[in-house]
Structures are given as C-alpha cells and as structure tokens.
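Student: Have a look at the structure that comes next, please.
The values are calculated or read from the model by the stated rules, or taken from the named source; none is laboratory data. Given the structure is predicted, the values throughout are model-derived calculations rather than measurements. Neighbour counts run over all protein chains shown; Cβ positions are idealised from the backbone, glycine included.
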Amino acid sequence: MQITSILVSFVSVLWVTAFSTAGCKANPDSCRLWAEPQMPILSMDGDFVIGGIFSVHYYMKSEQNTYTTMPAQPQCAGRQLHLARALEFTIHEINNSTELLPGITLGYQIYDSCSAEPMSVKVAFQFANGLVSVFNDTNACLKSAAATVPAVVGESSSSPSIALARMLGLFGIAEVSHSATCACLSDKNQFPTFFRTVPSDHHQAAALARMVKYYGWTWIGAVRSDTDYGNYGMAAFLKAAQEEGICVEYSEAYYRTQPRIKLERVANVIRRSTARVIVAFITAADMKFLLEELVQQPPPPLQWIASEAWIIHPDIVRFNICAGAVGFGVPRSVIPGLPEFLLDLSPAQALKLPILTEFWERSFSCSLKGRTGSSEFMRECDGSEDIRALQNPYTDTSQLRNTNMVYKATYAIAHAIHSVICNHTQCDKTNKFSQWQILNQLKRVNFTTKNGYQVNFDSNGDPVAVYELINWQFKKDGTLDFVPVGYYDSSKPRGQEFRMSSAIHWLGHQTEVPVSVCSESCPPGTRKAVQKGRPVCCYDCIPCAEGEISNKTDSLDCMHCPPDFWPNANQDSCLPKPVEFLSWDDTLGIILTVFSITGAFMSVCVASIFYKYRASPIVRANNSELSFLLLFSLTLCFLCSLTFIGRPSEWSCMLRHTAFGITFVLCISCVLGKTIVVLMAFRATLPGSNVMKWFGPPQQRLSVLTFTLKQAIICVIWLKVSPPFPFKNLRLYKDKIILECNVGSSIGFWAVLGYIGLLAVLCFVLAFLARKLPDNFNEAKFITFSMLIFCAVWITFIPAYVSSPGKFTVAVEIFAILASSFGLFICIFAPKCFIIVFRPTKNTKKHLMGKVPSKPNAIHIVPILKKDGLLSVEHSKSY
C-alpha cells in the first residue's frame with residue numbers, strides 16, 4: 001500500500017502539472033488549473049492559518065473514469081465530524097489566550113480526506129498553493145509560491161498520512177497527525193516533516209504481543225487492513241509474536257473497496273479456524289464491513305484482540321460478537337469547554353455550512369427548512385430536534401481520546417509559531433518566517449496543555465507511548481461499553497509497563513481466561529515434538545526416553561539424569577539410584593553366612609575330635625599334622641567367604657581376594673602334601689627304597705610353606721601394582737547402582753586363581769595315580785573325589801561368574817568357595833569321623849593292618865606316624 005500511495009502522489013503531481021501547463025499555453029498572460037480546488041468544510045481567516053485534514057467521512061465515492069472528459073469532483077460518504085470541530089474549538093481557545101500568541105489570531109482551513117490517498121494528495125497541493133485557480137504570474141504555474149499554511153493537523157489514517165507527508169515534505173510543511181500510527185512514519189529519511197501526538201504502532205504491536213503471551217495464547221488468528229496501517233502494524237506484531245513463541249494460524253488482509261468475494265473468503269477463514277483468539281490490526285471502517293459479514297453466519301465464540309483504531313470506535317461497539325474484546329486505546333481525557341462547544345449547534349447555524357447541514361439532517365432524518373437544493377429526506381425538521389438528546393460520536397464527550405490528540409497537535413503548532421514570531425510577551429504578526437522554522441521549533445516543543453497533558457516529540461517525531469487497556473463489557477441495560485482495565489507506559493522499565501486496575505470480562509462474560517492453543521501443554525515427564533508441516537505451536541507430547549526427565553511444562557527437550565540418579569515413575573525428577581550389594585540383611589547373604597559359619601564350626605568340631613582321638617590308629621595313619629593344618633585352612637576358607645558380604649570398601653576389597661587366594665593355596669598345599677605322603681608310602685614298600693626319609697614332616701611343612709608363600713608373593717605384587725577397589729557399576733543396570741569390587745589388575749586376579757587351579761590339578765593327578773594303592777583305608781580315593789569336586793566347581797564358576805548380574809556375581813563366588821570347601825571337608829574327613837564316632841571297632845591297628853577277613857592274598861599298606869615324627873610303613877598280607 002505504501003507503493004500505491006507513492007504512485008498516486010506521482011500521478012497527482014503529473015495531473016496538476018499537465019493542467020497547469022495546458023492553461024498557460026492557452027493564455028500566456030495567465031494560468032488556470034483545469035481541476036477545481038477542493039473547498040474546506042470548515043474555515044476561518046486569521047493572521048496565520050493552520051491547516052487541518054481529517055477523515056470526516058469513511059470513504060470516497062468512486063466513479064468510472066473515461067479519460068476523455070474531466071473527472072468529477074470526488075465525493076465522500078459516511079460521517080465523522082467531531083475531530084474537525086475539535087480543531088475549530090482549539091483555535092478559538094488559543095485565540096482567547098493571553099499567554100500563547102497574544103494579539104495574534106489564528107485561522108484554520110479544515111478539509112475532509114474521506115480517508116483516501118487521492119483526496120489527501122489534492123488537499124496537500126492546496127495547502128501549498130492556496131485556493132486560487134487562476135494565476136496571473138506565469139512562473140507561479142510551474143513553481144509554487146510560499147505555502148499558505150505553516151503546518152497541518154492530520155491526517156486521521158496512516159495511508160493518507162503517508163501520501164500527505166510525502167507532498168508536504170517537499171514544501172517543508174510540518175504535519176502533526178492525531179491518529180496515524182504506522183511505524184513507517186517514524187522514518188525521518190522518508191518523512192522529515194511528520195510528527196504525531198498518537199503513539200507509533202511499534203509500541204502497540206509489542207504491547208499486544210506481550211499481552212497475548214501473558215495470557216498463554218500461543219495459537220491465534222490475525223486479520224488486518226490491506227493498508228499501510230494494517231500491513232506495517234501486523235508485520236510488527238507478527239515479528240514480536242514470533243519472538244514470544246506465538247504461532248499464527250492465519251493472517252488475512254482486507255480493504256473495504258476490494259470485491260465482496262475477498263471479504264467472504266476472509267470471513268470463512270475465520271469461521272473454519274481452530275484459533276479462539278484473533279488479533280485484528282484493522283481500521284474501524286474495514287472492521288465494520290468484516291463484522292457485518294460475520295454476523296450473517298456467526299463463527300464460534302472468539303476472543304478479539306483489538307488495535308487502537310477500532311477498540312474505542314463507537315460504531316463498532318454495537319456488534320455483540322465482539323463482547324469481551326481487549327485492546328490498547330489512546331487514554332481518555334477531559335477538555336474543558338469542548339462539550340458545550342459541540343452542543344452549541346442550532347438548525348440556523350447548521351444551514352450555514354454544508355457539512356453541518358449534512359450532519360443535522362442525517363442525525364435527525366429530516367430536511368432543514370430553507371435549504372436550497374435537493375434532499376434525500378422527505379420530512380422537514382419541525383424544530384423539536386434536540387442535539388443534546390442524540391447518542392452518537394459527535395455528542396459523546398465522555399471518552400475523549402483521539403479528540404485530545406487533535407487538541408495537543410493544535411497546541412504544538414501554536415507553540416512552534418509562538419517560538420518563531422514572539423519574544424517574551426511581544427508577538428509580531430508581520431514577521432516573515434519559513435515553514436522550515438516552524439518545523440525546527442516543533443522538534444523542540446515541550447509544554448503541558450491546559451488539561452494537564454505533556455507534549456513533546458522524540459527524534460522520530462513520536463510521543464511517549466501511553467495506552468489504556470480497554471475491555472468491552474456489558475452494562476446493566478445489555479449494551480456494550482468501553483471499560484478501562486489497565487495502563488501501558490513504554491517509558492517504564494521492561495516488565496513494569498503494565499498496570500492492571502480491574503478485572504477483565506472475557507468472551508461470553510466469562511471471568512476465566514479463554515484458552516487458545518494448537519496443542520495442549522505437555523506435562524512434566526514429556527517433551528514437545530513438532531508435527532510435520534505445521535507451526536511449532538502444534539506438537540505432540542512424547543514421553544521422555546529411558547533415563548531422561550523433564551521437570552517443566554512444555555519442555556522442548558528431556559535431560560539426562562546424573563550418572564548416580566534415575567527418573568521417578570513420572571519422569572519429572574531424578575532420584576538417587578538404589579545401591580545394590582550383597583548385604584548382611586539380604587536373604588541370600590543370610591543363607592550364605594549360615595553356611596559359612598556352619599562349615600567353620602564343623603571344621604573346628606572335626607579338629608576337636610581329631611585332637612581327642614589323636615592317638616588312635618586312624619588319626620595317626622592319616623598324618624595328623626597335615627590333617628590339623630588342613631582343618632585350620634578349611635576353617636579359614638569358610639570364614640573368608642564372609643569378607644565378600646557387606647558394602648565393599650577399600651580394605652574389604654583387598655582382603656577378600658587375597659585372603660581367599662592364600663587360604664585356598666594353604667588348603668590345597670595340605671591336600672597335596674597328604675597325596676605325596678600316600679605315594680611315598682607306596683614307594684617305601686619296595687625293596688631297597690629309602691624315599692620316606694626325603695619326605696618326612698619337615699619336608700611336608702616346607703612344601704606347604706613354599707606353596708603358600710608363592711601365593712602370598714603374587715598377592716603382595718597384585719596389591720602393590722593395582723589392588724582391588726570398590727567400584728560403582730553403572731552399566732549393568734540402568735536404574736540401580738551395583739556396588740562391587742573391581743579386581744584392579746586382571747592379571748593379578750587370574751594369576752591368583754590360576755595358581756590355585758594349577759595346584760588343584762597337580763593334586764588331582766597325583767591322587768588319581770594313587771587311587772588303587774592296596775591299603776585298607778586308601779585316602780587317595782577320597783582326595784581324588786575331593787579334587788574332582790573342587791575342579792568341577794571352579795570350572796563351572798568361571799562362566800557363572802561372568803554371566804551373573806549384580807550381587808549374584810559375589811554370591812556365585814561365595815558359593816564356589818563354600819562348595820569346594822565342603823567338598824574337601826566331606827570327602828577327606830567325613831569317612832574318618834564316621835569311623836571314629838560311629839564305628840570305633842574299626843579304629844584299630846589290627847583292622848588297619850588287614851587282620852580281618854578281606855580279599856585273599858591282598859597286601860595292605862598303612863603309613864604310621866611314629867613318636868619321633870618319622871613316617872613308618874607297615875604292610876601285611878591277608879589270606
């Protein structure tokens with residue numbers, strides 16, 4: 001639309017120039033404009049004349065141009081008079097002032113632009129050239145003389161203001177608008193002579209976006225006027241809305257002169273939309289057309305968010321479908337004396353001016369007596385008409401908003417003129433000045449009006465943005481009314497601009513804030529996933545992945561819990577992971593503890609029995625010294641399993657593996673010693689054999705010590721290089737921590753196990769070789785069985801240990817220790833204890849020597865430990 005206004009302005013210049021030049025060629029001594037000047041609707045002479053241009057009417061009647069004859073003068077339709085008369089009132093008030101422009105009379109020329117750019121451009125040239133259509137000076141046709149007005153109040157709308165400002169700027173004539181809010185007019189490079197007393201839409205757009213965000217509306221519709229006001233205003237709003245995370249379902253534009261099919265399409269888009277909040281950056285005239293279309297087939301209830309152009313417009317308030325509308329408007333004000341001035345209008349006075357005649361006749365639907373010309377009303381006014389009884393924008397002075405902007409704009413121009421022609425108390429009406437001087441003084445004005453409002457302009461020609469938050473609420477009689485519910489002041493710090501004064505009544509007279517979202521909020525524990533091909537406000541709520549949480553509503557991403565934490569059931573907070581280890585109060589721990597203590601207790605009991613019957617043949621025949629050492633090592637083996645139960649610590653981790661390794665080597669060394677003794681005893685029966693003296697008790701003790709010392713050295717090196725340590729296993733389970741002992745050096749761990757396995761295999765092989773020795777009580781058989789059990793347990797331990805999860809890994813290791821220990825204990829000591837306790841008749845030398853019936857010709861070999869500690873072998877032959 002800005003391009004359109006530029007083209008209109010350019011064509012208008014060419015039009016006027018063409019007419020002027022043609023007139024000059026027809027009569028070299030004079031020039032006459034082909035087009036007749038537009039006459040002001042209100043005017044008064046004065047020492048200095050202030051221009052005024054308002055959208056007194058809404059739109060201009062358009063006729064088809066043939067381009068073969070002169071086009072007809074543009075005619076306006078509709079009515080809006082009180083702003084023009086407010087300028088008239090302000091000029092009279094200034095003329096009666098003794099402080100401002102004393103002795104100077106201001107005049108005015110007020111035009112109606114019909115809110116149309118062509119009319120604004122035409123009036124702009126008349127402000128520059130005056131109303132004279134014949135110029136005797138031929139140079140005046142091509143080069144305008146000094147402008148007839150120092151400054152202009154107006155325009156009412158943004159697009160006509162743009163066209164007007166471009167033309168007036170060429171002549172240096174200042175324009176002070178009372179309601180043109182387009183942010184584009186703040187550009188001083190394009191509009192150096194433009195000022196305004198109404199805030200820029202830049203502030204309004206930001207305020208609207210913040211309000212929409214504040215009430216949680218993330219899914220909205222948008223309509224705008226297809227003008228500079230609507231397009232620039234909506235563009236600023238959409239940019240601010242995007243920064244606030246607000247999505248727009250649709251953005252439609254409409255202008256009242258466009259074909260009706262366009263209006264119907266916009267209305268249908270609104271009816272079909274899912275957004276329950278609609279932002280309308282639209283002029284009152286365009287809004288009126290849109291609402292009339294929507295009323296024919298009402299859409300679902302909508303919460304309207306209004307721009308200042310229609311939120312306080314009296315012609316729109318009759319549409320109940322806008323009940324609950326909220327928007328920012330120019331603050332209300334009071335202008336003393338203005339109501340009386342507006343109401344001081346009689347039929348006789350109305351007959352003096354066509355604009356007043358039109359107003360009177362349309363207001364009372366009658367024709368004034370004595371009027372010349374035709375009238376569309378058949379009834380004559382009978383004198384009973386009372387203007388004070390009218391209910392229309394002209395007579396309603398309860399909420400003076402834009403009217404006060406006209407009041408301030410007029411005073412700003414008067415103060416600028418005063419600064420140019422007056423010094424202290426004297427004013428010189430003969431003082432010549434240029435429009436540029438008035439322009440420069442307007443930039444500096446800073447005063448307070450009689451009704452208490454501050455007037456000044458920033459570097460862009462804009463005032464401080466102050467708005468009232470207006471809410472359309474039902475009155476007791478069922479009609480809608482404008483109710484201020486808050487204020488917005490752009491001069492306040494960020495976050496303090498709003499100040500609410502009362503509650504808002506939403507659509508349907510509700511007190512609860514309506515909801516307008518594309519998708520419901522995602523609760524904590526979920527995240528938003530944008531739906532493909534749709535705006536970011538349309539999303540699905542996806543539960544957080546395993547191990548992740550979201551603790552806020554509408555989280556964009558889920559976050560991982562720290563390593564030692566795990567999400568709760570709702571996945572909205574992280575809880576410490578439970579720590580798992582084989583504890584003393586665990587059922588499995590209790591069972592293993594019982595077995596461990598039982599095994600140790602049984603070992604002690606057997607040792608006691610052996611000690612009590614230490615002089616008996618069966619004890620002496622089984623190398624009692626190694627037997628007692630074996631029982632001691634088995635007791636330690638049973639007890640070392642207890643070090644694997646409980647919370648792992650630095651010391652317990654080192655103790656459990658080293659104690660296990662050394663005690664088991666001690667145990668296997670004793671068994672190995674007993675196996676060698678059996679083999680040596682058999683060798684001693686051979687003629688000339690002297691082998692037993694090489695493996696007596698000292699050698700037996702030394703062998704046990706040597707084997708055990710080697711394991712101790714391996715353990716010391718292991719603890720020195722890389723000892724076991726407590727370790728939190730976070731990889732095995734995602735939702736809990738396995739507290740276990742890390743072996744540290746794997747080489748050290750497997751060296752300890754390997755050494756035990758090597759001794760066990762050696763012992764098994766030797767026992768297997770001695771299993772058929774011809775003694776009556778062959779211990780090698782039992783050692784073979786015990787080693788077979790031992791090897792089987794530890795071979796199956798390896799895969800079970802690797803595959804067991806968590807605390808069961810430790811349980812498997814304890815089970816292997818206990819199983820192998822019980823295997824050794826039962827195979828080696830159970831038969832002997834059974835004979836000692838339950839078969840004492842067999843615990844004799846005679847029985848051991850084979851004096852009882854047995855296999856014929858069998859040779860029995862019995863190793864006997866003498867009193868001096870040397871091993872003696874006795875043999876006999878049974879018959």
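Student: So if I check each of Glu468, Glu497, which one is acidic (Asp, Glu) and within 30 Å of Gln391 (Cβ to Cβ)?
Tutor: Going through Glu468, Glu497 in turn, just one is acidic (Asp, Glu) and within 30 Å of Gln391 (Cβ to Cβ): Glu468.
Student: Could you grab me the full set of residues in segment 388-423 that are assigned to a helix (DSSP H, G or I), in contact with a helix residue (DSSP H, G or I) (Cβ under 6 Å, 6 or more places away or on another chain) and at pLDDT below 90?
Tutor: Arg388
Student: With Lys577, Lys532 as the choices, which residue is of a type in the set (Lys, Arg) and under 30 Å from Ser641 (Cα atoms)?
Tutor: Lys577
Student: Check Arg534, Arg527 and return the single one that is modelled with pLDDT of 90 or more and basic (Lys, Arg).
Tutor: Arg527 is the lone residue from the list that is modelled with pLDDT of 90 or more and basic (Lys, Arg).
Here is a yes/no grid of residues against (1) in a helix (DSSP H, G or I); (2) in contact (Cβ under 8 Å) with a residue 60 or more places away in the chain; (3) in contact with a Leu (Cβ under 8 Å, 6 or more places away or on another chain); (4) on the phi < 0 side of the Ramachandran plot:
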| residue | (1), (2), (3), (4) |
| --- | --- |
| Pro726 | no, yes, yes, yes |
| Leu732 | no, yes, no, yes |
| Asp735 | no, yes, no, yes |
| Leu739 | no, yes, no, yes |
| Val752 | yes, yes, no, yes |
| Ile756 | yes, yes, no, yes |
| Cys763 | yes, yes, yes, yes |
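Student: Right, here's the next one. Quick check on my filter: what residues within segment 490-524 are farther than 30 Å from Pro298 by Cα, surrounded by 11 or more Cβ atoms within 10 Å (Cβ to Cβ) and touching a Leu at 6+ places or on another chain (Cβ under 8 Å)?
Tutor: Phe498
Student: Given Cys141, Cys184, which one is over 16 Å from Ala409 (Cα atoms) and modelled with pLDDT of 90 or more?
Tutor: Cys184
Student: Moving on to the next point. Considering only segment 776-830, how many residues are over 60 Å from the mean Cα position of the chain (by Cα) and part of a helix (DSSP H, G or I)?
Tutor: The total comes to 26.
Student: Looking only at segment 248-287, how many residues end up being aromatic (Phe, Trp, Tyr) and farther than 19 Å from Ala209 by Cβ?
Tutor: Counting residues in segment 248-287 that are aromatic (Phe, Trp, Tyr) and farther than 19 Å from Ala209 by Cβ gives 2.
Student: Specify which of the listed residues (Ala503, Ala569) is assigned by TED's automatic domain parsing to the domain that holds Ile311 and outside any strand (DSSP E or B).
Tutor: So the residue among Ala503, Ala569 that is assigned by TED's automatic domain parsing to the domain that holds Ile311 and outside any strand (DSSP E or B) is Ala503.
Student: Give the number of residues within segment 313-369 that are assigned to a helix (DSSP H, G or I), under 30 Å from Val277 (Cβ atoms) and either among the basic types (Lys, Arg) or in the same structural domain as Ile53 (by TED's automatic domain parsing) (or both).
Tutor: 0
Student: Please specify each residue of segment 511-550 satisfying the condition of being in a loop (DSSP other than H, G, I, E, B) and within 12 Å of the chain's Cα centre (by Cα).
Tutor: Passing the criteria: Ser521, Cys522, Val536, Cys537, Ser550.
Student: State yes or no: is Ala751 surrounded by 17 or more Cβ atoms within 10 Å (Cβ to Cβ) and modelled with pLDDT under 85?
Tutor: No; evaluated as a whole, the condition is false for this residue.
Student: Ok, one more. Can you name every residue in segment 451-507 that is of a type in the set (Ser, Thr, Tyr), at pLDDT 90 or above and over 18 Å from Met405 (Cα atoms)?
Tutor: Residue satisfying the conditions is Ser459 alone.
Student: Residues that are touching a strand residue (DSSP E or B) at 6+ places or on another chain (Cβ under 7 Å) and modelled with pLDDT under 80, at least 2 per element: which strands (runs of 3 or more DSSP E) completely within segment 33-99 meet that?
Tutor: 59-61, 75-77
Student: Which one is farthest from the chain's Cα centre (by Cα), of the residues in segment 600-643 that are crowded, with 18+ Cβ neighbours inside 10 Å and not in a helix (DSSP H, G or I)?
Tutor: Ser616
Student: May I pose another question? Based on this model, can you work out whether Ser689 counts as at pLDDT 75 or above, among the small types (Gly, Ala, Ser) and assigned by TED's automatic domain parsing to the domain that holds Leu634?
Tutor: In short, no.
Student: Give the residue that is surrounded by the most Cβ atoms within 10 Å (Cβ to Cβ), with candidates limited to residues of segment 239-275 that are assigned to a loop (DSSP other than H, G, I, E, B) and in contact with a helix residue (DSSP H, G or I) (Cβ under 8 Å, 6 or more places away or on another chain).
Tutor: Ile246
Student: Next question, about the same structure. Does Arg527 satisfy the criteria of being surrounded by 15 or more Cβ atoms within 10 Å (Cβ to Cβ), over 18 Å from Glu244 (Cα atoms) and of a type in the set (Lys, Arg)?
Tutor: yes
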